[in-house]
Every structure is written in structure tokens, then in C-alpha cells.
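J.: This is the structure I have questions about; it appears just below.
No lab work stands behind these numbers, since they all come straight from the coordinates. Everything numeric in this text was worked out from a predicted model, so none of it was measured. Using ideal geometry, Cβ is built from the backbone for each residue, glycine included, and neighbour counts are taken over all protein chains shown.
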Amino acid sequence: MDRWLWAVRLTKTRPDAAAACRGGHVRVNDKPAKPATTVVPGDEVRLRVGGTTKIFDVVRVIQKRVGAPDAATCYVDRTPKPPPETAIPVARRDRGTGRPTKRERRVLDAFRSRQEP
């Protein structure tokens, strides 16, 4: 498992791949994977990286590290797209207008109090 993760460039180094397996960040067919777990074409690999879980289907098993274009043909990425972030409106003042007046400060404070949940 660790060799395949490293060979298809899902982890930067092989020790990183082994540490991810030992730390419980890698699952094969919904079972925790050890570094020595073997993978075969058709397996589903879930890899948790940076707080997000990535899902891959194994297409081809390789043992040696290859170039990125060749490595991309060894798996199918089925990771769902992240949900779009909602933009929160922010009160802005024109640059160079100086400090807000007392009236403008009250308007800004009222606007901010309505935005807080």
C-alpha cells in the first residue's frame, strides 16, 4: 500500500505513505490499511490528507515511481467536489476618507450586529 501511494504520487515520500497507513489515514475497501496491505485493480482507496478525504479507484498497480502523466493513469479520482463557500458581505470605506464620523460609526456598528449569528 505504501509503495503504491508513493509510486502514483499521492504522497511525497514513501515514509510519508507508511506513516499515513500507520496513523489510520488510509482505508482500502472501507478497512484500515497497513503499509504492507496489497492492492489490486478495482480496490477503492480512501486517503485523508489535510482534513479532506480523497477517494481513488485502483486501475493499475505499479511498484516503481513513474512520471506524473503515467501515474495519473493508475487511478481514477472520485473525490467529491467541495461545497462552494458563501461570501459574507463586509462593510468597506473608500481609501483615504479618514476616520469614520460618529454617524458613520453607528451605521457600521448596526450593520455588524445584524451580521453576527
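J.: Treating cross-link reach as a plain straight distance, find the lysines whose alpha-carbon is under 20 Å from the alpha-carbon of Lys81, omitting any fewer than eight places away in the same chain.
T.: Output for Lys81: Lys54.
J.: Under 13 Å from the Cβ of Lys64, count the other residues' Cβ atoms, weight Lys and Arg +1, Asp and Glu -1, and hand me the total. Each step should come with its number before you reach the end.
T.: Values: positive: Arg3, Arg9, Arg14, Arg60, Arg65; negative: Asp70.
Net charge in that neighbourhood comes out at +4.
J.: Return the label of the correct value of Rg/Rh (Cα atoms, Kirkwood Rh), as calculated from the structure shown, out of (1) 1.36; (2) 0.93; (3) 1.29.
T.: (1)
J.: Tell me which of Pro80, Phe56, Ala36 sits at the most positive position along the dipole axis of the chain, charges placed on C-beta atoms (Lys, Arg +1; Asp, Glu -1).
T.: Of Pro80, Phe56, Ala36, it is Pro80.
J.: If you line up the long axis of helix 102-115 against the longest principal axis of the chain, both from Cα atoms, how many degrees apart are they, to the nearest 10?
T.: That works out to roughly 30 degrees.
J.: Please give me the summed charge of the neighbours of Arg22: other residues whose Cβ is under 10 Å from its Cβ, Lys and Arg +1, Asp and Glu -1. Walk me through the intermediate numbers first.
T.: Working: positive: Lys34; negative: Asp2.
In short, 0.
J.: Taking only DSSP H segments of four or more residues, each worth -39500 (n - 2.57), what value at 222 nm results for the chain once the sum is divided by all its residues, to the nearest 500 deg cm²/dmol? Please report the intermediate quantities before stating the final value.
T.: Numbers: 4 runs with 33 residues, N = 117.
Calculated from helices alone, the mean residue ellipticity at 222 nm is -7500 deg cm²/dmol.
J.: Taking K and R as +1 and D and E as -1, what net charge do the other residues with C-beta under 13 Å from the C-beta of Lys12 add up to? Provide the component values of the computation, followed by the final result.
T.: Numbers: positive: Arg9, Arg14, Arg65; negative: Asp2, Asp16.
The answer is +1.
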